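What follows is a short report on a single structure.
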Amino acid sequence: MMSGNCTSKKELLQSIDQVSFAIDDLLLFLDTHPGEKRALEYFSELSARRNELLEKAVCRHGLCVRISRL
């Protein structure tokens, strides 16, 4: 989906947007398929990745981003 290293503020924000979009899309899927184990695992992976990216944004760039922990 995206590289592990975000070299610029723009790339970092784009990665946050991409992961957030994927989480939103996955939540819609989970609304109708709540027992899908792989989807739940992927949701957990994406949530952890989003939290890492948000922390990186704050630490590296002092960005004020709206953080909602899922």
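The values are calculated or read from the model by the stated rules, or taken from the named source; none is laboratory data. Owing to the predicted nature of the structure, the values given are computational and were not obtained by experimental measurement. Methodologically, a virtual Cβ is constructed for each residue, glycine included, from the backbone with ideal geometry; neighbour enumeration extends over all protein chains shown. These accessible areas exclude ligands, DNA and RNA; they are computed on the full protein's heavy atoms, side chains included. Shrake-Rupley method; radii C 1.70, N 1.55, O 1.52, S 1.80 Å.
Provide a single number: the residues in segment 47-70 that are touching a helix residue (DSSP H, G or I) at 6+ places or on another chain (Cβ under 8 Å), more than 14 Å from S15 (Cα to Cα) and either aromatic (F, W, Y) or at pLDDT 75 or above (or both).
Going through segment 47-70 one residue at a time, the tally reaches 1.
Got a number for residues in segment 4-39 being of a type outside the set (F, W, Y) and open to solvent by 80 Å² or more (accessible area, probe 1.4 Å)?
15
Pull out all pairs, ordered by first then second residue, where Cβ-Cβ is under 8 Å, the residues are six or more apart or on different chains, the first lies in segment 12-33 and is closer than 13 Å to R49 by Cβ and without any contact (Cβ under 8 Å) to a residue 40 or more places away in the chain, and the second is among the aliphatic types (A, V, I, L, M) and open to solvent by 30 Å² or more (accessible area, probe 1.4 Å).
Pairs that qualify, where the first residue is closer than 13 Å to R49 by Cβ and without any contact (Cβ under 8 Å) to a residue 40 or more places away in the chain and the partner is among the aliphatic types (A, V, I, L, M) and open to solvent by 30 Å² or more (accessible area, probe 1.4 Å), are S15/M2; Q18/M1; Q18/M2; V19/M1; V19/M2; A22/M1.
Just to be sure, is S3 at pLDDT below 85 and among the small types (G, A, S)?
yes
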